[in-house]
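Okay, structure first, notes after.
The values are calculated or read from the model by the stated rules, or taken from the named source; none is laboratory data. None of these values were measured; they are calculated from a predicted model. When we count neighbours, we look across all protein chains shown, and the Cβ atoms used for this are built from the backbone with ideal geometry, even at glycine. The accessibility values were calculated without ligands, DNA or RNA, using every heavy atom of the protein model including side chains. Shrake-Rupley method; radii C 1.70, N 1.55, O 1.52, S 1.80 Å.
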Amino acid sequence: MTISTEIDVHQYRKPEFKIDELFVRRWSPRAMSGQSVPDKDLMRLFEAARWAPSASNEQPWRFIYAKKGTKYWDEFFDLVAEGNKRWCRNAAVLMVIISKIRFTKYDAENRTHSFSAGSAFENLQLQATNLGLIVHPFSGFDENKAAKVLDVPKEYYVNIMVAIGMPGKIDDLEEKDRKREFPSDRMKLNELIFEGKFNGK
């Protein structure tokens, strides 16, 4: 059986220019074993996220998480959409990322709060890739219910939910999920970058 982290990413991804292998190896599998993630490794993910850039160094991101087997797990799992519960049940950790909408240092909207939270998440996922862990973000959850159940203050925005776990066997996924368990490719650079003016789609 193939383990999710054993897939040869180069079969699916070919960079146009030479970059660090970490960026190519980073992807979001669903196959997790159900085994717990050591606390020290989980904290290393949060530590990596802590060093992300943000406007005025506000660090507006916050991570709310539950480990499987704890009193919080069921509340988090109940937030997940049915289609994602199929594979999320084998996660070791479920997490919701929120971000503060207004600046703390002065009274103004922080219109880049979600951008900063995304940067922090990317740090977290790259660190997880280096540790051989699975990290899969998803929008298929009830964000309004999350705000209530997790006591999220109104000045924070609920961005996304994330499953974290140890690598699992792809064959253990349901057929629908097995079919999409591979590293996705990316658009070509000439579709993404424009000098001077935007002239794309």
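A few points about this structure:
- Computed over the alpha-carbon atoms, the range 110-201 gives an Rg to Rh ratio of 1.04, Rh here being the Kirkwood radius from the mean inverse distance.
- The chain: relative contact order in percent, alpha carbon pairs under 8 Å with at least 6 residues between: 34
- Contact order relative to length of the range 43-149, as percent, for alpha carbon pairs under 8 angstrom and 6 or more apart: 39
- Where 10, 136 fall by accessible area, highest first, once all protein chains stay in place (1.4 Å): 10, 136
- Percentage of interatomic Cα-Cα distances in the chain larger than 20 Å: 61
- Averaged over its residues, the range 70-201 has an accessible area of 58 Å² per residue, based on protein heavy atoms and a 1.4 Å probe.
- Whole-percent carbon and sulfur share, accessible surface of the range 48-128, 1.4 Å: 51
- Unit charges on C-beta of K, R, D, E only; dipole of the chain, Debye: 180
- Given 100/169; 68/176; 67/148, the pairs whose alpha carbons are separated by over 26 Å: 100/169
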